[in-house]
Structure formats: structure tokens, C-alpha cells
2 protein chains.
Amino acid sequence: MTPYFEHHVFFCLNRRDPGDRPSCANCGSEKMQEYAKKRVKQAGLAGPGKVRINKAGCLDRCEEGPVIVIYPQGTWYTYVDETDIDEIVESHLAGGKIVERLLIDKPDTKPAG
Amino acid sequence: MTPYFEHHVFFCLNRRDPGDRPSCANCGSEKMQEYAKKRVKQAGLAGPGKVRINKAGCLDRCEEGPVIVIYPQGTWYTYVDETDIDEIVESHLAGGKIVERLLIDKPDTKPAG
């Protein structure tokens, strides 16, 4: 069955107290989620069959954050600023090309054998 | 690549004002998300490589709610009460078997030809 959203993007917006595990909200994730949503709308990518930029609670990868996950592909990214979000929108969401430099789970690059 | 979570379950917890679109939080989604999280932990299914019960913002299928989506499969369910959550946990998350009666997107059951 065709997925309801081609790319369903979840931003962790979890906020934690100082001294707890690291917190995506303390790295500006709320602002970046709003920015991504705006960029996707501007690019005409938003809606069923296309892209959904979603708020989410803790994705439980706090030490690797701030994190997003894009389903159904299951691609996990980290990011720092608008430049990174722009690249995810333009390369991954519009162009279908993974942004390797922002991947949390790097592909195994060791030579075979 | 093996998915980080075998079943990543997102509960819409969005709350809306009266007169707006229907709201999953007004159908008890917060309580049901907590219940699902507890049941998954009790069943020993929680954690990387297994199941994550996640909070989410609006999943934009408000009129079909309350809704959850399970990735990477992309299975969308609605539910009413603990009995439905139990069935999703036991059948889908523990047993890998879709709960057809709770699907939002019903498979096409018309005979071929």
C-alpha cells in the first residue's frame, strides 16, 4: 500500500531539566521544527502523499541529538541550524537523496573482505 | 539497514479548542499512550531493536481519530479503549499480526476482476 505520507518527519521536542539527559529542546529543536514546516510548505511539499513535518516527544536517542527520524525509510538525522534543515528539505524531502553528513547511523564504510 | 526500532508507535496527543477540528486528546489519547507504554514495558518489548511508544503532535488525520501510526510499516490505527490497545500490543507489536478491525485504511476487499 502507498504510504499516507511519502516522508513523515518527526522532530523530538522534548525538554529536560538541567542535570538530566541531554534535551533536544535545549538545542533549539522547537524553532527548527517550525522552520522545517515553513520551508516544506513554501516548497509545495506539504500534505497527504507528500511530506508531514511532525512534533514528537522524546525519541530516546537523547545523547545523539538533536534528532529527527524520517519514516517510512527510518532515516535518523541530527542537525545544528537552518543550513542543515535546508539541506534535508532540498536533498532528502524534495530530491530523495540522503544527506550522509547528517546521518546518526553512518553506513559501514569499511572495505568488504 | 535494520530499523532502530522494530515498531515505532506514535500516538497523536494533540489538543484542540471546542469548535475546531476533532482532537485526539479529547478522546483520551494521553491516557491511552501511557497505558500502551506500560503494557509494552510489562511485556518486555520496550527498547532499541524492539518497540518504542512515542508521544506525537497532530498527525493530521483528525477526522479519523484518535489515531496512531506504527512505523516503519506505516500502519494507521484508531482505537477506543484499553481493550483495543491490548489487542494492538499483543497482536501487532508482540505477534507481528495486523489488527484489521482497527485499521484506518482498510485493505481493498472487493473481488478482483
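Would segment A:47-64 turn up any residue that is more than 13 Å from chain B (Cβ to nearest Cβ) and of a type outside the set (S, T, N, Q)? Talk me through it step by step, then tell me what you get.
Pass one, segment A:47-64, residues more than 13 Å from chain B (Cβ to nearest Cβ): none.
No, segment A:47-64 contains no residue that is more than 13 Å from chain B (Cβ to nearest Cβ) and of a type outside the set (S, T, N, Q).
Specify which of the listed residues (B:Glu30, B:Glu87) is within 12 Å of chain A (Cβ to nearest Cβ), open to solvent by 60 Å² or more (accessible area, probe 1.4 Å) and at pLDDT 95 or above. Talk me through it step by step, then tell me what you get.
Values: B:Glu87 fails: within 12 Å of chain A (Cβ to nearest Cβ).
Only one candidate passes the filter, namely B:Glu30.
Let me spell it out: the conditions are (1) under 29 Å from B:Gln73 (Cβ atoms); (2) part of a helix (DSSP H, G or I); (3) open to solvent by less than 100 Å² (accessible area, probe 1.4 Å), and A:Tyr4 meets all of them except one. Which number is the exception?
It fails just one condition, (2).
Are there any pairs, at least 6 apart or on different chains, whose C-beta atoms fall under 6 Å, with the first in segment A:49-72 and more than 17 Å from A:Leu102 (Cβ to Cβ) and the second at pLDDT 95 or above and of a type in the set (Ser, Thr, Tyr), and if so, which?
A:Pro72/B:Tyr71
Would segment B:47-54 turn up any residue that is out of contact with any helix residue (DSSP H, G or I) (no Cβ under 7 Å at 6 or more places or on another chain) and closer than 24 Å to B:Asp105 by Cα? Walk me through it before giving the result.
Initial filter on segment B:47-54 (out of contact with any helix residue (DSSP H, G or I) (no Cβ under 7 Å at 6 or more places or on another chain)): B:47-50, B:52, B:54.
Restricting the remaining residues to those that are closer than 24 Å to B:Asp105 by Cα gives B:52, B:54.
Yes, some residue in segment B:47-54 is out of contact with any helix residue (DSSP H, G or I) (no Cβ under 7 Å at 6 or more places or on another chain) and closer than 24 Å to B:Asp105 by Cα.
Six or more apart or on different chains, Cβ under 9 Å: which pairs go from a residue in segment B:84-113 that's farther than 21 Å from B:Tyr35 by Cβ to one that's at pLDDT 95 or above and open to solvent by 100 Å² or more (accessible area, probe 1.4 Å)? Could you list them?
Correct list of pairs: B:Lys106/B:Glu100; B:Pro107/B:Glu100.
Would you mind finding the one in B:Lys50, B:Lys55 that is open to solvent by 80 Å² or more (accessible area, probe 1.4 Å), closer than 27 Å to A:Gln33 by Cα and touching a Gly at 6+ places or on another chain (Cβ under 6 Å)? Break it down into steps so the answer makes sense when it comes.
Details: B:Lys50 fails: touching a Gly at 6+ places or on another chain (Cβ under 6 Å).
Exactly one residue qualifies, and that residue is B:Lys55.
Quick check: is even one residue across segment A:20-35 more than 13 Å from the chain's Cα centre (by Cα) and of a type in the set (Ser, Thr, Tyr)?
Yes.
What do you reckon, is B:Val40 at negative phi, open to solvent by less than 70 Å² (accessible area, probe 1.4 Å), among the aliphatic types (A, V, I, L, M) and in contact with a helix residue (DSSP H, G or I) (Cβ under 8 Å, 6 or more places away or on another chain)?
Working: at negative phi: yes; open to solvent by less than 70 Å² (accessible area, probe 1.4 Å): yes; among the aliphatic types (A, V, I, L, M): yes; in contact with a helix residue (DSSP H, G or I) (Cβ under 8 Å, 6 or more places away or on another chain): yes.
For B:Val40, the condition - at negative phi, open to solvent by less than 70 Å² (accessible area, probe 1.4 Å), among the aliphatic types (A, V, I, L, M) and in contact with a helix residue (DSSP H, G or I) (Cβ under 8 Å, 6 or more places away or on another chain) - is met.
Would segment A:9-18 turn up any residue that is under 12 Å from the mean Cα position of the chain (by Cα), of a type in the set (S, T, N, Q), closer than 29 Å to B:Thr75 by Cβ and surrounded by 15 or more Cβ atoms within 10 Å (Cβ to Cβ)?
Of all residues in segment A:9-18, those under 12 Å from the mean Cα position of the chain (by Cα) come to A:9-13.
Add one more test, that the residue is of a type in the set (S, T, N, Q), and what stays is none.
Looking through segment A:9-18, none of the residues is under 12 Å from the mean Cα position of the chain (by Cα), of a type in the set (S, T, N, Q), closer than 29 Å to B:Thr75 by Cβ and surrounded by 15 or more Cβ atoms within 10 Å (Cβ to Cβ).
The values are calculated or read from the model by the stated rules, or taken from the named source; none is laboratory data. What you are looking at is a predicted structure, and each value in this text was computed from that prediction instead of being measured. Using ideal geometry, Cβ is built from the backbone for each residue, glycine included, and neighbour counts are taken over all protein chains shown. For accessibility, only protein heavy atoms count, side chains too; no ligands or nucleic acids. Shrake-Rupley method; radii C 1.70, N 1.55, O 1.52, S 1.80 Å.
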